[in-house]
Structure formats: C-alpha cells, structure tokens
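Student: Sharing a structure, written as structure tokens. Questions coming.
The values are calculated or read from the model by the stated rules, or taken from the named source; none is laboratory data. In this text, all values refer to a predicted model and were calculated from it rather than measured experimentally. Cβ atoms come from the backbone with ideal geometry, glycine included; neighbour counts cover every protein chain shown. To get the accessible areas, we keep the full protein, side chains included, count just its heavy atoms, and leave off ligands, DNA and RNA. Shrake-Rupley method; radii C 1.70, N 1.55, O 1.52, S 1.80 Å.
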Amino acid sequence: MGSFISKNSSRESGTEKLSKAEENNKISPTKNSNGLKNSHRKRRSSVSAEVDKVKNDFYERKFVQKSESVIRQINDSIQSNFLFNSLPREHLKEVVDAMEEAIFQAGETIISEGDDGLHFYIIAEGECEVYIRGQNDGNALRTLHKCGTFGELALMYNAPRSATIKAKTEVKLWVLDRDTFRRTILHNGQERRRKYEQFLKGLELLKVLSDEEVSRLADAVEPLHFEPQQVVVEQGDNDR
C-alpha cells in the first residue's frame, strides 16, 4: 500500500521524524505515525517567518514515495473536495506527492482543540468524530466519513484547532503538511484569484461592474481543461 506508517514501531519524536522524512524525501515503511500524531503539539515560533517561507519561489518540494495504486486512491479521495477542485494540475500533483499515510485506532485522538495546526487530513477509510468542549454534553457533535476533511481552518487562519477529532473506527488518513497546504491550496488560490480579477476587469462586457462585484465573479470562476480536438461548446447547447 505504498507509504504505510505503523504506530507500533520505533518511538522517534515528532520533530526528529518529520525532519528525517523531509531530508530523505520519503517515509520509510518501517517508521511509525508518532511524528504526525504528536507534532501538532509543538508551538510555532514565528507566523510571519512562515508566511515569508511560503511565498518564497525557491523551496524544496516534499516528496513521499508512493505506488501507483496509492496515488490513484488519493486522487479518488480528493477529486470531489472543493479545496482541490480548482487547483492547476501541477499544484494538484504537488499535493499528492507530499501526502503521507497515517493510521489511527478507534478512540485515538487525531487533533486536539486548542493545539496549533500543522497538518491537513483527508479520510481515506473509516470514520472520525468531532468534539468541542462545552457542547453536546461531551458527546460527539457529528461524524466524518470517507473523503471527509478536517484541519484546514487552523492552517488557513493561523488559529488554534477549533475542535477535537477522534477516530470512531480504525481510520486511514492522507496527511498534508502545513507548508505544502499553504503554498499550493492557500497561496496559489490567492494568486489565481488576483489573476482572474485582472482578466475580468479587462473584459468590455464587465466594465460596468464594481471592484467588489468583479471579486465575487473571480471567486466563482473555475478552470476547465480540454484535450486536443475535444468539443468546448456545440451548436444547439443551452447549458453553457
């Protein structure tokens, strides 16, 4: 199954494990997910420095070795998720390349409310439950199923985790690191929005719109990809 992270192997610290993985550009099949499970508890030293790093054009892409079957599984998991729908193909590939697998047993805590967020998660198999302190008498608020995602808000807004997520059953997750998430999904999304705004403002048809209205249109634009000789529009169609 490609990069499998067993939780019962050697007990490396989260910082040591992640740094070794990035240095080697792969995750060893014999290492555990302890780095992923515990690294979210480490406090970030400088948010501004992190943002500067994300905006830097010169960076080393994270790459985790995977089999073709695992790559297909990840693509199947993310294809319907709104965060990835409008990503250019090259950025989508970067996301898939950087993702690694983590396994949690039923009852284990994946992220804790109030902690810093260092990872984004997609459920590949199993179910997770959402808990928020002081709500619903301590019971789960809802259940997340296959292809469900969590962890993006803390990464997008540099905010503490807003909820605790626990594994309801044994779960397999695809995990994306913070830097790759912000560089591809967040930062590239902002750049794409600015590009669309500039393009839309240059259209004569839209000259009457205000900047706010153009921005709303830019948010709604979704790129479509066509193969050579593929029909884009056809005479008589009324749905485009």
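Student: State all residues of the range 89-124 that are of a type in the set (Gly, Ala, Ser) and open to solvent by less than 30 Å² (accessible area, probe 1.4 Å); if no residue qualifies, say none. So that I can check it myself, show each step before the final result.
Tutor: The initial filter retains those residues of the range 89-124 that are of a type in the set (Gly, Ala, Ser), namely 98, 102, 106-107, 112, 114, 117, 124.
Answer for the range 89-124, where residues must be of a type in the set (Gly, Ala, Ser) and open to solvent by less than 30 Å² (accessible area, probe 1.4 Å): Ala98, Ala102, Ser112, Gly117, Ala124.
Student: Which one of these is part of a strand (DSSP E or B), of a type outside the set (Val, Ile, Thr) and open to solvent by 40 Å² or more (accessible area, probe 1.4 Å): Lys166, Lys146? Break it down stepwise before answering.
Tutor: Values: Lys146 fails: part of a strand (DSSP E or B).
Only one candidate passes the filter, namely Lys166.
Student: Let me ask something additional. What is the number of the single condition among (1) open to solvent by 60 Å² or more (accessible area, probe 1.4 Å); (2) within 17 Å of Phe84 (Cβ to Cβ); (3) at pLDDT 90 or above that Arg193 does not meet?
Tutor: (3)
Student: I'd like to verify a number: residues in the range 149-163 that are in contact with a strand residue (DSSP E or B) (Cβ under 9 Å, 6 or more places away or on another chain) and either surrounded by fewer than 16 Cβ atoms within 10 Å (Cβ to Cβ) or among the polar types (S, T, N, Q) (or both), how many?
Tutor: In the first step, residues of the range 149-163 are kept if they are in contact with a strand residue (DSSP E or B) (Cβ under 9 Å, 6 or more places away or on another chain); the result is 149-152, 154-155, 161, 163.
Checking the rest, the ones that are also either surrounded by fewer than 16 Cβ atoms within 10 Å (Cβ to Cβ) or among the polar types (S, T, N, Q) (or both) come to 149.
The qualifying residues number 1.
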